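Data first, discussion second: the structure below is written as structure tokens.
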Amino acid sequence: MPAHMTLAKPAKGTAQKQRRARKRAADAILAAKSAIVRERDCNSCVVCFFPHVQVHHIKFRSQGGTHDTSNLVCLCAECHGLVQNRRIVITGSADDHLTITLRPPSGPGRGDARNAGCAGVE
Ligand SMILES: [Zn+2]
């Protein structure tokens, strides 16, 4: 490669500045989408209709969920916690049709290995 075509080393801190800029842009997009979602859901929890809400990703961000309004719903803090604990399962498109499933708490023999086999032990 000719000397005049060598790649310049990025200035110190450039990668960090770029990450921060991307984060600010993503936060601005989420804020704009959240405003749309709050208006669509009448600023109420889609499960219990409580009026103080957080915007939740139906498909979790950690699983590749987007900030698209079809993936965002309003939930109160309590229902949001139940969704995070998989006691409430929300599927579908928030812009079209949602399915909300309430799941009973896990107990002995229902996936909690710590409690399995405890019944009858004295
Ligand atoms: Zn709720």
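Considering only beta bridges that DSSP places wholly inside the range 17-102, some 100 percent are antiparallel.
Close amide H contacts of residue 72 (hydrogens built in the peptide plane, cut-off under 5 Å, sequence separation of 5 or more or a different chain): 58, 94.
Report the trypsin sites (Lys or Arg not before Pro) located in the range 1-95 that are in a DSSP loop and have at most 11 other Cβ atoms inside 10 Å of their Cβ, or state none. Hits after loop and neighbour filter: 12, 86.
Derived value for the range 1-61: Kirkwood hydrodynamic radius 15.2 Å. Basis is the mean of 1/r over every pair of different alpha-carbon atoms. What are the residues whose amide H is under 5 Å from the amide H of residue 41, where those residues sit 5 or more places off or on another chain and H is modelled from the backbone? Placed amide hydrogens put nothing under 5 Å from residue 41. Placing pseudo-labels 7 Å out from each Cα toward the beta carbon at residue 48 and residue 7 gives an inter-label distance of 5.3 nm. Rounded to the nearest whole Hz, the Karplus-based 3J(HN,Hα) values (6.51 cos²θ - 1.76 cosθ + 1.60, θ = phi - 60°) of the range 68-76 follow the sequence 5, 4, 5, 9, 10, 9, 8, 9, 6, with x at glycine and proline. Over all Cα atoms in the range 17-102, the spread is summed up by Rg and Dmax: 13.1, 43 Å. Derived scalar couplings between HN and Hα for the range 28-34 equal 5, 5, 4, 4, 5, 5, 4 Hz in order, rounded to whole Hz, by the Karplus curve 6.51 cos²θ - 1.76 cosθ + 1.60 (θ = phi - 60°), x for Gly and Pro. Sorting 62, 106 by the number of Cβ atoms found within 10 Å of their own Cβ, with the fewest placed first, yields 62, 106. Summing Cβ point charges (Lys, Arg +1; Asp, Glu -1) relative to the Cα centre of the range 17-102 gives a dipole of roughly 700 debye.
The numbers here are math on the coordinates, done by the rules we state, and not lab data. Small disclaimer: the values here were computed from a predicted structure and weren't measured. Neighbour counts run over all protein chains shown; Cβ positions are idealised from the backbone, glycine included.
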